[in-house]
Amino acid sequence: MQPREFLRRLPAAVRAKLPAELAECRSGSGFSLVQLWYGNRALHYETWLRHRQDVIEIGLHFEADPLTNMRLLAAFRARERAVRMGLGDGTRIEEWDRGWTRLWEPVSLGTLDEALLARLASRLARYITTCEPLLREELPADVPWELRPRRAPSRTPRGRTRSSASTTRTPACSPGSARPRERP
């Protein structure tokens, strides 16, 4: 399978493995990577094909401002036991480039086929189910966070159905929580 096709198919494969309360993530891709995120694109799950290193990087990246990144890195280091219980000892929690930080692991590049797609989708879904609740709990109150509501069909003047493109600002909430977290 070609890299673009592989990356194009990955978000749907990940969503299929997520519980309903986490399946509404947004996604975007570039030439060699795909990102999935919830309330802030700078805080995203990533799969990056690093051909020169013969590795695929998967993980949670904090690519906001340096202060936010360091606060989240410190929070995840403080909760390292929960991270390791959910993801295993191979997960690295570290500072990175340009003031960014990340939780990640390398996966051997191998052949881009259905088996690798399924394996990466399962692993990235595990990152999301382990880390997203922690991220939402530890998210500093001054960090922008916007959850998109489900798109409801709307009617065009001709009576055809189309998806609404509107978004509303909502407070962050923990998965499964009925009440949003208070935010200033």
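The values are calculated or read from the model by the stated rules, or taken from the named source; none is laboratory data. Keep in mind that this is a model prediction, so the values were computed, not measured. Here the Cβ is made from the backbone with ideal geometry for all residues, glycine too, and neighbour counts use every protein chain on show. The accessibility values were calculated without ligands, DNA or RNA, using every heavy atom of the protein model including side chains. Shrake-Rupley method; radii C 1.70, N 1.55, O 1.52, S 1.80 Å.
Just want the answer: with Cβ charges of +1 for Lys and Arg and -1 for Asp and Glu, which residue in Ala125, Tyr45, Ser32 is farthest toward the dipole's positive end in the range 1-129?
Projecting each Cα onto the dipole axis, the largest value belongs to Ala125.
Tell me which residues come under 5 Å, amide H to amide H, from Leu109 once H is placed; ignore anything under 5 positions away on its chain.
It is Val55, Ile56, by chain and number.
Using the alpha-carbon centroid of each, what span in Å lies between the range 63-82 and the range 130-146?
Value for the Cα centre distance between the two parts: 10 Å.
Report, by chain and number, residues whose modeled amide H sits under 5 Å from the one on Arg41, excluding near sequence neighbours (fewer than 5 apart, same chain).
Result for Arg41 returns nothing.
Using θ = phi - 60° and the Karplus curve 6.51 cos²θ - 1.76 cosθ + 1.60, what whole-Hz ³J(HN,Hα) does each residue of the range 13-21 get, with Gly and Pro shown as x?
5, 5, 4, 5, 9, 8, x, 3, 5
Roughly to the nearest percent, how much of the accessible area of the range 1-71 is carbon and sulfur, given a 1.4 Å probe? Don't skip to the answer; put the middle values down first.
Details: 1680 of 3320 Å².
The C+S portion of the solvent-accessible surface of the range 1-71 is 50 percent.
Using a 1.4 Å probe, what is the accessible area per residue for the range 36-77, in Å²?
Numbers: 1580 Å² over 42 residues.
That works out to 38 Å² per residue.
Could you give the length gained on full extension between Gln53 and Arg98, defined as 0.36 nm per residue of separation minus the Cα-Cα distance, in nm? Don't jump to the answer; show the numbers that get you there.
On the way: separation 45, 0.36 × 45 = 16.20 nm, distance 2.01 nm.
Extra length available between Gln53 and Arg98 comes to 14.2 nm.
For the range 52-101, just say rounded, prolate or oblate: build the C-alpha gyration tensor, square-root its eigenvalues into a ≥ b ≥ c, call rounded for a/c under 1.5, and beyond that prolate if a/b exceeds b/c, oblate if not. Intermediate results must be reported in sequence, preceding the final value.
On the way: a/c = 2.70, a/b = 1.03, b/c = 2.62.
It is oblate, given that a/c is not under 1.5 and a/b is not larger than b/c.
Applying the Karplus parametrisation 6.51 cos²θ - 1.76 cosθ + 1.60 with θ = phi - 60° to the phi angles of the range 22-37, what ³J(HN,Hα) value in whole Hz is obtained for each residue in order, glycine and proline being reported as x?
Listing the rounded values in order: 10, 6, 8, 6, 8, 8, x, 9, x, 4, 10, 8, 9, 10, 10, 8 Hz.
In whole Hz, what ³J(HN,Hα) sequence does the range 66-72 give by Karplus (6.51, -1.76, 1.60; θ = phi - 60°), x for Gly and Pro?
Listing the rounded values in order: x, 5, 4, 4, 5, 5, 5 Hz.
Taking 7 Å along the Cα-to-C-beta vector as the label spot, tell me the Arg4-Met85 distance in nanometres, rounded to one decimal.
Calculated label separation equals 4.4 nm.
List the residues whose amide H sits under 5 Å from the amide H of Lys17, counting only those 5 or more places along or on another chain, with H placed 1.01 Å from N in the peptide plane.
Excluding prolines and chain starts, which carry no amide H, there are no hits.
Treating only the Cβ atoms of Lys and Arg (+1) and Asp and Glu (-1) as charged, compute the dipole magnitude of the range 67-119 about its Cα centre; round to the nearest 20 debye. Can you show the working numbers first?
On the way: 9 positive and 8 negative charges, 73 e Å.
Magnitude of the dipole: close to 360 debye.
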